[in-house]
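Below you'll find the structure, written out as structure tokens, and then a few comments.
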Amino acid sequence: MRADTARDDAVRSSVEHACPINEVLDHVAGKWSVGVLVAAARGPVRFTELERAIDGISRRMLTLTLRKLERDGLLVRTVYPTVPPKVEYTLTDMARELHRTLADLTSWAERHAGAIAAARAAYDARDPAT
């Protein structure tokens, strides 16, 4: 019984340790956040450029996503004193590192897409009683 308790404590500790990680991943791995990070990786980008580059995003959702990423330290918002005001968004060094990680994850997904599809098909084809 003691071994089970120790194991449960270790699992609980791992999950508790992962909680901050989950919060960060929720912010940066969302559909819209990834799109903004990818679009902004090419260099300074304006709101309208982001809006055109990210299919299906509303102006409101883009605004919320930009604010969230800026708050998290992943984007820098620069306002130029012109009429009308010019606003650009640039990735921070931390976001550039994240972008490289996302590119690695994308490569991994592309390399293993066939194996994942085959595993799903094999799982779905199994006898439902097993």
*Taking all protein chains as present, what is the carbon and sulfur share of the accessible area of the stretch 53-121, in % to the nearest whole number, probe 1.4 Å?*
58
*What are the ³J(HN,Hα) values, in whole Hz, obtained from phi via the Karplus relation 6.51 cos²θ - 1.76 cosθ + 1.60 with θ = phi - 60°, for each residue of the stretch 76-89 in sequence order, with x given for Gly and Pro?*
10, 9, 10, 9, 9, x, 10, 10, x, x, 9, 10, 10, 10
*Work out how far the C-alpha atoms of the stretch 52-126 reach from end to end along every principal axis, then list the three figures in whole Å, largest first.*
63, 27, 19
_Efficiency of FRET from Cβ geometry, S58 and T101, R₀ 25 Å, rounded to 0.05_ = 0.40
*In whole percent, what relative contact order does the chain give with Cα contacts below 8 Å and a gap of six or more residues?*
20
*asked:* So for the chain, considering every pair of alpha-carbon atoms, how many percent are separated by more than 27 Å?
replied: 44
*Calculated from backbone phi, Karplus (6.51, -1.76, 1.60) coupling profile of the stretch 48-57 in Hz, x at Gly/Pro*: 5, 5, 5, 4, 6, 6, 10, 4, x, 7
*asked:* Please give me, ordered by residue number, the chymotrypsin sites (Phe, Trp or Tyr not before Pro) of the stretch 53-126 that lie in loop per DSSP and have at most 12 other Cβ atoms within 10 Å.
replied: none
*In terms of modelled amide H atoms, which long-range or inter-chain residues lie less than 5 Å from the amide H of L75?*
E70, T92
*Helix by helix through the chain, keep the DSSP H runs that span 20 Å or more along the axis on Cα and average at least -1.0 on Kyte-Doolittle, and give those back in order.*
2-28, 93-125
*Separation between the D124 and T82 pseudo-spin-labels, each 7 Å from Cα along Cα→Cβ, expressed in nm?*
5.1
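The values are calculated or read from the model by the stated rules, or taken from the named source; none is laboratory data. Note that the coordinates shown come from a computational prediction; the quantities given were computed from them, not determined experimentally. Counting neighbours? That spans all protein chains shown, and the Cβs are built from the backbone with ideal geometry, glycine included. When the accessible area is computed, the model is the full protein with side chains, heavy atoms only, and any ligands, DNA or RNA have been set aside. Shrake-Rupley method; radii C 1.70, N 1.55, O 1.52, S 1.80 Å.
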